[in-house]
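The values are calculated or read from the model by the stated rules, or taken from the named source; none is laboratory data. Since the model is a prediction, treat every value here as computed from it, not as a measurement. Neighbour counts are summed over all protein chains in view; Cβ atoms, including those assigned to glycine, are modelled from backbone coordinates with ideal geometry.
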Ligand code: DAS
């Protein structure tokens, strides 16, 4: 029997975190009389980054060392976490995320998947550097088969800086990981009070707290420990994904080459010679390819290397198949709305399943 308060809060998309007292008519119970619900059990996996960074002075908001503060100190610095969940921490790595390799991705995802299977774990938070946070969030949403909330979070300023953003970002991440309404929405990212989809989010500014954006908009917001939802992802993720980290040990090499008007084929050929199985072209405009480069890409495709057209233009739109290049004729793939770094993640996973360009194109349209 739902009380009016429960109905109101569930309509707002935030579950009422109380249970009704037995023996007292539901109508007579309000938020002040019902017993507080059991607190969610949230595990925080720390990997490093600015959120674990430290600067020489409070004025150093951009000059600091990342990956210095251990997870226990991180948790101790935000005692309010205990108001929204029962939390415990694990130090998985302590690195700046510009060095987050495929091996780091696989190891982290396996740990997340193992924890998600535990009945005493209700949600998981991953603290992470912001430079490649978007790749990790996408990789987790593609490979971890759970509906439990998984939230990736970082910060743009170290905890030692004036107006540091890490503490509130972490508090928001834990509150979201503890929120029943966050379940089933794929991996999430909480930055700057916003809840973003791990699939769509990208770091769009390199030194401001409002750095993380999705071209398709936020999913919601976190305000004072409460989540508010306004949309949900439509692309395949987590339990609906054909990729499962429990069946993945390594990832094929996929490299990105940045397009320009004066581009040459050298970088593409060098990566292919070094063993790349797919090349992501970060093209100009709608994934366009310089005329000086097309013949080399066609040769590489003929040798079995996948050619995937993404765009250096980010912030909205998507590469349209057969628009700027005859993709059907060349047997190339378009990355749709994925930026080059996200396309690299999906291409690597797709290659664990198939080396057929048409199958890979289906995957790029579904995830
Ligand atoms: N070097 C950056 C990283 O670890 C710092 C940060 O923004 O987190 O991603």
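Can you pull out the residues in segment 37-53 that are touching a residue at least 60 places away in the same chain (Cβ under 8 Å), over 14 Å from residue 71 (Cβ atoms) and either more than 15 Å from the ligand (Cβ to nearest atom) or surrounded by fewer than 24 Cβ atoms within 10 Å (Cβ to Cβ) (or both)?
Across segment 37-53, the qualifying residues are 39, 40, 41.
May I ask you to list the residues in segment 328-350 that are over 19 Å from residue 235 (Cα atoms) and touching a residue at least 24 places away in the same chain (Cβ under 8 Å)?
Those that are over 19 Å from residue 235 (Cα atoms) and touching a residue at least 24 places away in the same chain (Cβ under 8 Å): 330, 331, 332.
Just one of 184, 129 is buried (at least 24 other Cβ atoms within 10 Å of the Cβ) and part of a loop (DSSP other than H, G, I, E, B); which is it?
Sole residue among the options that is buried (at least 24 other Cβ atoms within 10 Å of the Cβ) and part of a loop (DSSP other than H, G, I, E, B): 129.
In segment 77-92, is there at least one residue being within 16 Å of the ligand (Cβ to nearest atom) and closer than 29 Å to residue 251 by Cα?
Yes, segment 77-92 contains a residue that is within 16 Å of the ligand (Cβ to nearest atom) and closer than 29 Å to residue 251 by Cα.
Of all residues being part of a loop (DSSP other than H, G, I, E, B) and at pLDDT 90 or above in segment 54-74, which is nearest to the ligand (Cβ to nearest atom)? Just the residue, please.
The qualifying residue nearest to the ligand (Cβ to nearest atom) is 69.
Determine which member of the set 127, 132 is more than 20 Å from residue 200 (Cβ to Cβ), within 16 Å of the ligand (Cβ to nearest atom), in contact with a helix residue (DSSP H, G or I) (Cβ under 6 Å, 6 or more places away or on another chain) and at pLDDT 95 or above.
127
Collect the residues in segment 132-160 that are in a helix (DSSP H, G or I) and surrounded by fewer than 24 Cβ atoms within 10 Å (Cβ to Cβ), keeping them in residue-number order.
135
For the structure I just gave you, tell me whether residue 163 is touching a residue at least 60 places away in the same chain (Cβ under 8 Å), under 20 Å from residue 50 (Cα atoms) and either away from the ligand (no atom under 12 Å from the Cβ) or assigned to a loop (DSSP other than H, G, I, E, B) (or both).
For residue 163, the condition - touching a residue at least 60 places away in the same chain (Cβ under 8 Å), under 20 Å from residue 50 (Cα atoms) and either away from the ligand (no atom under 12 Å from the Cβ) or assigned to a loop (DSSP other than H, G, I, E, B) (or both) - is met.
Based on this model, can you work out whether residue 290 counts as in contact with a helix residue (DSSP H, G or I) (Cβ under 6 Å, 6 or more places away or on another chain) and either assigned to a loop (DSSP other than H, G, I, E, B) or surrounded by 24 or more Cβ atoms within 10 Å (Cβ to Cβ) (or both)?
no
Filter segment 166-195 down to the residues that are within 16 Å of the ligand (Cβ to nearest atom) and touching a strand residue (DSSP E or B) at 6+ places or on another chain (Cβ under 8 Å) and list them by number.
If the condition is that a residue be within 16 Å of the ligand (Cβ to nearest atom) and touching a strand residue (DSSP E or B) at 6+ places or on another chain (Cβ under 8 Å), then 169, 170, 173, 189, 190, 191, 192 are the ones that fit.
Criterion first (surrounded by fewer than 21 Cβ atoms within 10 Å (Cβ to Cβ), part of a loop (DSSP other than H, G, I, E, B), touching a helix residue (DSSP H, G or I) at 6+ places or on another chain (Cβ under 6 Å) and at pLDDT below 80) does residue 21 satisfy it?
The answer is no for residue 21.
Only one of (1) without any contact (Cβ under 8 Å) to a residue 60 or more places away in the chain; (2) within 24 Å of the chain's Cα centre (by Cα) is not met by residue 296, so which one is it?
(2)
Given the criteria within 14 Å of the ligand (Cβ to nearest atom), surrounded by fewer than 20 Cβ atoms within 10 Å (Cβ to Cβ) and more than 19 Å from residue 75 (Cα to Cα), does residue 98 qualify?
yes
Scan segment 79-95 and give yes if some residue there is farther than 30 Å from residue 247 by Cβ, surrounded by 17 or more Cβ atoms within 10 Å (Cβ to Cβ), out of contact with any strand residue (DSSP E or B) (no Cβ under 6 Å at 6 or more places or on another chain) and at pLDDT below 95, otherwise no.
No - not one qualifying residue is present in segment 79-95.
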